[in-house]
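The values are calculated or read from the model by the stated rules, or taken from the named source; none is laboratory data. Just so you know, these numbers come straight off a predicted model, no measurement behind them. Cβ atoms come from the backbone with ideal geometry, glycine included; neighbour counts cover every protein chain shown.
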Amino acid sequence: MLFLTILFYLTFLSFPQDLAGQNLSSKRVLIFSIYPYLSVEENYYFGQKITKNLAQKMGVELEFRVYSSSSEFEKDYFGERFDFALVPPPFVIWGYKKRKYIPLIRNIKPLSVVLFVNKNSKFKSVKDLDNATIALPSPHVMASIFYKQFLSDYLKLKITPKYVETPENVIKHVLLGLAQVGAVVKPVLLAQGDEILNNFLILHESPPFPSRAIVAHYRVPQRIRNLFVENFLGLKEAPEFQQALQKLQISHPVKADYNRDYKQLEIYNLEKFLPLK
């Protein structure tokens, strides 16, 4: 009997807090963060604007945390320091499979990543890229993972990756001739406008894949998760938040479901590209 009691007690505690029936104190400060796709200034401006609105409407203490580098963000994500976070698909998969984070919100449209060069470049096709230097965002986003594998493993080309943190920096590197080729999410490139786009030639576009997602840690009670989803989805109806949602590439947010939206990516074993110990 004592053994069964101890076994039950340990099993009960092994579940995440919300699943164990525990309540998160309304006085606790919840942390929201965004993977650093943008400059620190833009990330803070748009993230803080959204966070303040959500905190007011949800009636909770919600703090936005900004990071200057992807590695700093990743350390805290894997350390489970976030209650809510906007992350790339590989992080969504890791969080769900490890029972750490659950996806709540995604963009309605899937994304693709593109490989592009200066239109005056000697490179006119993907097969020309042998020994090229390729500008990439951080190593663990879809643009970097897909094109490193596609060029190196599939086409057997020798490439030199140059990680420059953000998609905007990738575009600048190709535009200024600091890298011969770049890879970014397609909407970021198209948002540059004709004056900049006229300088580029797109060599390749990936198949579509699910967008980045806002995830919640399992410790966050279902009631708080529901409030977050309800109020975040409401932002798409507010004109003053359209620029923020567009910049964060979640301009048409909808509810996410892991099995429907992200499970299909498990066959690619994307977690192996994450900086896990």
Some residue of the range 235-254 being at pLDDT 95 or above, within 20 Å of E74 (Cβ to Cβ) and aromatic (F, W, Y): no
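Taking the options V184, V188, name whichever one is within 15 Å of the chain's Cα centre (by Cα), part of a strand (DSSP E or B) and touching a residue at least 40 places away in the same chain (Cβ under 8 Å). Full working, then the answer.
On the way: V188 fails: part of a strand (DSSP E or B).
Step by step, each of V184, V188 is checked, and only V184 is within 15 Å of the chain's Cα centre (by Cα), part of a strand (DSSP E or B) and touching a residue at least 40 places away in the same chain (Cβ under 8 Å).
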Qualifying positions in the range 202-255 - surrounded by fewer than 16 Cβ atoms within 10 Å (Cβ to Cβ) and more than 21 Å from the chain's Cα centre (by Cα): I202, Q222, R223, E237, A238, P239, E240
V117 vs. criteria closer than 30 Å to L30 by Cα and of a type in the set (A, V, I, L, M, F, W, C): no
Residue match in the range 193-215 (condition: more than 17 Å from S33 (Cβ to Cβ), touching a Ser or Thr at 6+ places or on another chain (Cβ under 6 Å) and not acidic (D, E)): yes
Tabulated pairs, the range 91-108, first farther than 18 Å from V254 by Cβ and not assigned by TED's automatic domain parsing to the domain that holds L233, second part of a strand (DSSP E or B) and of a type in the set (S, T, Y), C-beta under 9 angstrom, 6+ apart or interchain: none
One residue from F12, F46 being modelled with pLDDT of 95 or more and either loosely packed, with under 14 Cβ neighbours inside 10 Å or closer than 24 Å to L233 by Cβ (or both): F46
Criterion (buried (at least 18 other Cβ atoms within 10 Å of the Cβ), in contact with a Pro (Cβ under 6 Å, 6 or more places away or on another chain) and either of a type outside the set (D, E, K, R) or at pLDDT 95 or above (or both)) met by exactly one of L115, L129, L86, L136: L136
Within the range 229-265, tally of residues that are part of a helix (DSSP H, G or I), farther than 18 Å from Y44 by Cβ and of a type outside the set (A, V, I, L, M, F, W, C): 13
Test: V141 is surrounded by fewer than 21 Cβ atoms within 10 Å (Cβ to Cβ) and assigned by TED's automatic domain parsing to the domain that holds E168: no
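Pick from the range 144-181 the residues that are polar (S, T, N, Q) and not in a loop (DSSP other than H, G, I, E, B): which of them is surrounded by the most Cβ atoms within 10 Å (Cβ to Cβ)? So that I can check it myself, show each step before the final result.
As a first pass, look at the range 144-181 and keep what is polar (S, T, N, Q): 144, 149, 152, 160, 166, 169, 180.
Now narrow it down to the ones that are not in a loop (DSSP other than H, G, I, E, B): 144, 149, 152, 160, 169.
Values: S144: 23, Q149: 13, S152: 13, T160: 10, N169: 19.
Applying the filter and picking the extreme gives S144.
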